[in-house]
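Q: Here it is: the structure, laid out below.
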Amino acid sequence: MIKRVAVLTSGGDAPGMNAAIRAVTRVSLSQGWQVFGVKNGYQGLVSGDYVPLEARTVGGIVQLGGTFLGSARSLEFKTENGRKKALDHLSKAGIEGLFVIGGNGSQTGANVLHQMGFPVNGIASTIDNDLVGSDITIGVDTALNIALEAIDRLKVTASSHRRAFLVEVMGRDCGYLALMTGIGSGAESIVIPEVEMSAEQVAQTIQAAYKRGKSHAIVVVAEGAKNEVDTLSAFFKNYKTDLGFDLRAITLGHVQRGGAPYAFDRTLAARLGASAVEAMARGQYGVLAGSKGGEIVTTPLAEIAGKTKGIDPRLLQLADILSQ
Ligand code: ATP
């Protein structure tokens, strides 16, 4: 019978992580368990940095972006020695179960702990949406909405001055956020890591938009694309052919992930947090709580660890048609 559990947030912060910590805490408390928060992701696990979490400790955070526990990328946890230290601290504190709120790398780490025999369940949370085991992850919807709001504003000024904007969005090596931002904002062109696109091709899409009579052109560029915004900007500095539009570049960067979670992410966080705890309560360990086909499901961490989700080619086609 489990009596004490811990929860951590790991990898890049995502809007809704706080709501997930709150859900894990309160559902765990409802099981009669004691709950601890691990500070700064796996780093705090390695150093044994815990804080007790009560119902009141997690009050007033459901609407806040980021993660009040802190997040970090821990190289030490990737070593056997680091993981041994983490397990020693957990054992000394009498903690018998762990919840990992995070993305791809974090859930791969969770799977390693699970394989070492420690009860761990994951909660799918990353703005990159690259995690196998969940159609959509906590943070994606808010990050998308923030990007759309920013581009809506850019389009106003772009149209007034007949400008083209290169807009870099986050997503690490995955183009999902850029693709959906492009579709949602009506971008004229989308550059993602999954599809080879030369700088010359980007130039052609801008020129073509000008020739079609557009008053602006928006090119959404994924940070992980081979031709990201800095590379494209350098290319266009020496570009001799007239684009039609005056060109500007902007990187949305961390602004995109720092917002307050929208309704979708708060409710997804509540449901996934509860699902991970309920799974542990019935003795189901080593699973990821995610959302598939609108249902909350659990998938063995071993099936998702180290894998990344691809891009649906039909969405690429749609983006192209809609950009006309
Ligand atoms: P995001 O992509 O949203 O930033 P993420 O969870 O994918 O989130 P990563 O930086 O890939 O972020 O991973 C977070 C942490 O998980 C790493 O710093 C490391 O401590 C741990 N981790 C990642 N991969 C492994 C692995 N193969 N084995 C053990 N731990 C890992």
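The values are calculated or read from the model by the stated rules, or taken from the named source; none is laboratory data. Bear in mind the structure is a predicted one, so any value in this text is a computation, not a measurement. Ideal geometry is used to build each Cβ from the backbone, glycine not excepted, and the neighbour counts take in all protein chains shown. Keep in mind that these areas ignore ligands, DNA and RNA; they rest on the heavy atoms of the full protein, side chains included. Shrake-Rupley method; radii C 1.70, N 1.55, O 1.52, S 1.80 Å.
Q: In whole Hz, what ³J(HN,Hα) sequence does segment 186-198 give by Karplus (6.51, -1.76, 1.60; θ = phi - 60°), x for Gly and Pro?
A: x, 5, 7, 7, 10, 10, 10, x, 6, 10, 5, 9, 7
Q: With every protein chain kept in place and ligands, DNA and RNA left out, what is the accessible area per residue of segment 208-260? Probe 1.4 Å, answer in Å².
A: The answer is 54 Å² per residue.
Q: Under 30 Å between alpha carbons, and skipping anything fewer than 8 positions from residue 240 in its own chain: which lysines qualify?
A: 155, 211, 214, 226
Q: So, one more: Scan around residue 292 for amide H atoms under 5 Å from its own, H built in the peptide plane at 1.01 Å from N, and keep only partners 5 or more places away or cross-chain.
A: 135, 297
Q: By a straight-distance test (C-alpha under 18 Å), which lysines pair with residue 292 as possible cross-link partners, with residues fewer than eight away in the same chain excluded?
A: 307, 309
Q: Now for a different question. Probe of 1.4 angstrom, ligands and nucleic acids ignored: what's the accessible area per residue over segment 86-180, in square angstrom?
A: Counting only protein heavy atoms, the per-residue value for segment 86-180 is 31 Å².
Q: Still on this structure, I have one more. Go through 208, 31, 280 and say which Cα lies farthest out towards the positive end of the charge dipole of the chain; charges sit on Cβ, +1 for Lys and Arg, -1 for Asp and Glu.
A: About the Cα centre, the residue reaching furthest to the positive side is 31.
Q: What is the distance in Å between the Cα centres of segment 20-95 and segment 106-124?
A: Using only Cα atoms, the two centres lie 13 Å from each other.
Q: Separate question: Putting +1 on Lys and Arg Cβ atoms and -1 on Asp and Glu Cβ atoms, find which of 258, 147, 59 reaches farthest to the positive end of the dipole of the chain.
A: 59
Q: Roll a 1.4 angstrom probe over the protein heavy atoms and tell me the percent of accessible area of the chain that is carbon or sulfur.
A: 52 percent
Q: Right, here's the next one. For the chain, with only Lys/Arg (+1) and Asp/Glu (-1) charged at the beta-carbon, what is the dipole magnitude about the Cα centre, in debye rounded to 20?
A: So the dipole magnitude of the chain works out to roughly 520 debye.
Q: Can you tell me what share of the DSSP beta bridges in the chain is antiparallel? A percent to the nearest 5 is fine.
A: Expressed as a percentage, antiparallel bridges in the chain total about 25.
Q: What is the magnitude of the charge dipole of segment 141-257 about its Cα centre, with +1 placed on the Cβ of each Lys and Arg, -1 on the Cβ of each Asp and Glu, and no other charges, expressed in debye to the nearest 20?
A: The dipole magnitude comes to about 480 debye.
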